[in-house]
Structure formats: C-alpha cells, structure tokens
1. Send over a whole-number figure in Å² for the accessible area per residue of the chain, probe 1.4 Å.
2. In the chain, if the dipole is taken from +1 on Lys/Arg beta carbons and -1 on Asp/Glu beta carbons about the Cα centre, which of 10, 126, 44 is farthest to the positive end?
3. Pull out a ≥ b ≥ c, the square roots of the eigenvalues of the alpha-carbon gyration tensor of segment 87-136, then state rounded if a/c is under 1.5, prolate if not and a/b is larger than b/c, and oblate in the remaining case.
4. At 7 Å along the Cα-to-beta-carbon direction for both residue 129 and residue 25, put a label point, then send me their distance in nm to one decimal.
5. Run the simple label-point estimate for residue 71 and residue 89 please: 7 Å along Cα→C-beta, distance reported in nm.
6. Roughly how many percent of the accessible protein surface of segment 73-134 is carbon and sulfur, given a 1.4 Å probe and a whole-percent answer?
7. If amide H atoms are built 1.01 Å from N in the plane of the peptide, which residues on other chains or at least 5 residues away come under 5 Å of the amide H of residue 24?
8. For the chain, take the convex hull of the Cα atoms, compute a quarter of its surface area, and give me that in nm², please.
Amino acid sequence: FDLSSFQKYYELYGNTKVPQKFSFQHGELGTGHAGGYIGAQVNNLRAYAKIDPKCVPTELRQTLDSMGFVWDVPKHRLELALKGVFTYKSIYGHEVIPQKFVVPQDDPRWERELWGTKLGMTFLNIKRQYRSTDNR
C-alpha cells in the first residue's frame, strides 16, 4: 500500500474517499511517490482487512484512522444516509423525502459530506434493498 500517495490524495482532496479507478499520472507526484492506481490499492486494502484485520499493520491502521479512513463503505453509506433522513426530518418535520430531493450545498444544517447527495433516491434505494432482503 502506497501510503505517501494516499496522503497526497488526502492533502489534495481533503477526504479519504478515493474512487476505485483513481490514479495519479506518472511523475504527477514528484519523486518519492510511486503513483499508480491508488484507488485500486485502497479497495484492495479494505478487502484484505475485511478478511483478516490483522493483515493491516497497527501503525498503518492508526494513521488511516486518524485521517478518517472508511473501512466499511456500505455501512458508512447507510449511516450517512440515515443521518440525512434524521436531518431532513428535523428541518421539515417529517421523513417523507421527495424522490428528487437533493441535499443543498453550503447549508450548515446538513453534514458537509451529504451536500449534493440525492437523498430522495438514496433513501428510496435503501427501502427497496431492505424490502428485497426482507422477502428472502
């Protein structure tokens, strides 16, 4: 795992949500950085850690945790969506979210990570997924 490239991504974008297909171009990071497909590396790291958490050295895990690294993306997305639903309810007084509702940008009532989220569609997809697993 190329921690230096990951840290550079964090410096540039301010988060640890590296898209799976993201890569730095050769030479883009200067010397000391391998570059390459850091998105794939992050995805692989999560997959290996899910199988065997001990495969991630303690020091690396602590460094990533201090940066807000998300180890379980589906769980994180669900938790974030639920925060969105609770925020919506606190603002509008109900949880009937219109399908086309998008969380407004730059609104301090919402968590920054939710800005621009298509909350109506996200919530609809969660309900559909729940119903499909409930019918199994």
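1. Numbers: 9490 Å² over 136 residues.
Ligands and nucleic acids excluded, the figure is 70 Å² per residue.
2. Of the options given, the answer is 126.
3. On the way: a/c = 2.68, a/b = 2.02, b/c = 1.33.
Verdict is prolate for segment 87-136.
4. If labels sit at residue 129 and residue 25, their model points lie 3.5 nm apart.
5. Modelled inter-label distance: 2.9 nm.
6. Values: 2440 of 4470 Å².
The computed percentage sits at 55.
7. Here 36, 38 satisfy the definition.
8. That works out to 10.7 nm², a quarter of the Cα hull's surface.
The values are calculated or read from the model by the stated rules, or taken from the named source; none is laboratory data. All figures in this text were calculated on a predicted structure; none of them were measured in a lab. Note that each Cβ is placed from the backbone with ideal geometry, even for glycine, and that neighbours are counted across all protein chains shown. Just so you know, the surface numbers come from the protein's heavy atoms only, side chains and all, with ligands and any DNA or RNA stripped out. Shrake-Rupley method; radii C 1.70, N 1.55, O 1.52, S 1.80 Å.
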